[in-house]
């Protein structure tokens, strides 16, 4: 039986000072979140020259950063994901039963390296869950 040694390191966020648009409870050092969808997102051909493909806009309608009780989680019960100009998914924020570590390969490892080096990029504790079918919305309400 063969074994492999992997070194694991803690990552330092590479973009300090960049504002995170997510509500405070969802903030992670790298600004990551898990988005769970039921269905398929149709995207253009991966060979196209578009570097990023806009999927939609996430809206937290009940989140108030200046609320009197910053520990309140009532805002987590309703989250909207607007897809295009005519569809809206309704979801919620859920705490993961166990936090997830996001890791990536560290540096440039060659074939001669016996040990692989990985780093923890982020720890994710919550996910955005959209489990219902999209609802039609008027194009004027989506910005």
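The values are calculated or read from the model by the stated rules, or taken from the named source; none is laboratory data. Not measured: the values here are computed from a predicted model. Ideal geometry is used to build each Cβ from the backbone, glycine not excepted, and the neighbour counts take in all protein chains shown.
Scanning segment 62-101 for residues that are in contact with a strand residue (DSSP E or B) (Cβ under 7 Å, 6 or more places away or on another chain), under 19 Å from residue 133 (Cα atoms) and loosely packed, with under 13 Cβ neighbours inside 10 Å returns a single hit, 77. Please pick out the residue among 32, 89, 25, 68 that is under 19 Å from the mean Cα position of the chain (by Cα) and at pLDDT below 75. Step by step, each of 32, 89, 25, 68 is checked, and only 25 is under 19 Å from the mean Cα position of the chain (by Cα) and at pLDDT below 75. How many residues does segment 6-22 hold that are part of a loop (DSSP other than H, G, I, E, B) and modelled with pLDDT of 70 or more? Of the residues in that region, 1 qualify.
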